[in-house]
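Reviewing the structure listed below.
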Amino acid sequence: MKRKREKSYSTGEFAKYFGIPKDTLLYYDRIGLFSPEQVAPNGYRRYTASQLGTFGTLLSLREMNVSIQEIRQYLGEKTPEHFSAMAEHHLQKLEEEIQKLEEIRRGFRRTIRIIGETREAPLEQVLFRDMPEMPLIFYEDVSAMKDLEENPHSWWDACNNFILEAGIFGIPYVGSYIGREHLEKKQYTQVDRLFMWSDSPGGIARPAGTYALLYHKGPYETLQEAYVKFFEELGQRRCRLAGGAYEEYLLDELEVSRPEDYITKISVRVIM
């Protein structure tokens, strides 16, 4: 039963209540999706307080990208079962969208942190830092990367496949891992695996320990020379390798215009 003296709203007042243009209400009325409770003979429209909940739900569904046709079907057959099924379906889609947005947010935060790191990094100097264990996601399928020097596009192919396989949205930071065996043979371009840092602990991790670091500025083609100088200095300091090298591309074509301004971070666990 309708409440006596139920509050009513003009089109402008009803639109203002929800912070939407009047044209939205007029459009929904025109297509028969949502109409005012009262229409005077002179065409003056009045919406009632009992319509607030229904229209608020309609707006929420539209925010969730529910189609007008689906909303029309629901409003034409309003049952708890119908609404529950529709809500469960779109709640799942919303959860997936939230996950995507969370990943995008983490990506932007990571970008800001990395750019800050490059501003403070002493370039072309060997540094030693104690670093904690860090969880990783590894891409194991590197069959297309076995001959990287002859097929430079294979790294990008594997990188794109890695991103798709991991289901990463936003700004993915993919690095290269060069195994200890290849480092000892001075095969600095032979990538063994690709990796991304993970926000979830467990699984594979970069071990904690003392790491030798090098921030190299320049195009990828100059990394070979950077590795040579890096390991020459490690040899002079009598450091022994305790693992492979992690190559992180801190600044690349996403942040800078010239390859000469790329910054790559190389880190290797060592025993002093």
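Any read-out appearing in this document is the output of simple, stated calculations on the displayed coordinates, not a laboratory observation. Quick caveat, the model's predicted, so the values are computed rather than measured. Note that we place each Cβ from the backbone using ideal geometry, even for glycine, and neighbour counts take in every protein chain shown.
Miscellaneous remarks
- Expressed as a fraction of 2.2 N^0.38 Å, the C-alpha radius of gyration for the stretch 172-222 is 1.33.
- Taking 30 Å as the limit for the C-alpha separation, the pairs K7/K100; K16/K78; K7/K93; K22/K78; K186/K217; K16/K100 exceed it in the case of K7/K100; K7/K93; K16/K100.
- Ellipticity estimate at 222 nm from DSSP helix runs (n ≥ 4, -39,500 (n - 2.57)) divided over the chain, nearest 500: -13500 deg cm²/dmol
- Shape summary: the stretch 61-145 maps onto an equivalent ellipsoid whose semi-axes, from the alpha-carbon gyration tensor, are 48, 17, 12 Å in decreasing order.
- Restriction of the trypsin sites (Lys or Arg not before Pro) in the stretch 59-92 to DSSP coil positions whose beta-carbon has at most 13 other beta-carbons within 10 angstrom yields K78.
- Stokes-Einstein translational diffusion, the chain - Kirkwood Rh over all Cα pairs, 0.692 mPa s, 37 °C, in µm²/s: 140 µm²/s
- Placing +1 on the Cβ of every Lys and Arg and -1 on the Cβ of every Asp and Glu, with nothing else charged, gives the stretch 105-271 a dipole about its Cα centre of roughly 720 debye.
- Near T48, the amide H atoms lying under 5 Å from its own belong to Y9, E37; only residues 5 or more places off or on other chains count, and H is placed 1.01 Å from N.
- Counting Lys and Arg as +1 and Asp and Glu as -1 over every other residue whose Cβ lies under 12 Å from the Cβ of V39, the net charge comes to 0.
- Tensor-based shape of the stretch 20-164 (alpha-carbon gyration tensor, a/c under 1.5 rounded, otherwise prolate or oblate): prolate
- Part-to-part distance (alpha-carbon centres) for the stretch 154-216 and the stretch 241-271, which is given in Å: 10 Å
- Order of T264, T48 under a 10 Å beta carbon neighbour criterion, fewest first: T48, T264
- Amide H contacts of F128: L213, each under 5 Å away and 5 or more positions distant or on a separate chain (H built 1.01 Å from N in the peptide plane; Pro and chain starts excluded).
- Converting the Cα gyration tensor eigenvalues of the stretch 1-89 into ellipsoid dimensions via √(5λ) gives semi-axes, longest first, of 23, 15, 12 Å.
- Proxy reagent accessibility, fewest Cβ within 10 Å first, across Y27, Y173: Y27, Y173
- For the stretch 119-134 versus the stretch 24-92, the spacing of their alpha-carbon centroids is 57 Å.
- Sequence-ordered 3J(HN,Hα) estimates for the stretch 110-126 from the Karplus curve with 6.51, -1.76 and 1.60 and θ = phi - 60° stand at 5, 4, 4, 5, 5, 4, x, 5, 5, 5, 9, 6, x, 6, 6, 10, 7 Hz, glycine and proline given as x.
- As a proxy for reagent exposure, S176, S60 were ordered by neighbouring Cβ count within 10 angstrom, fewest first; the result is S60, S176.
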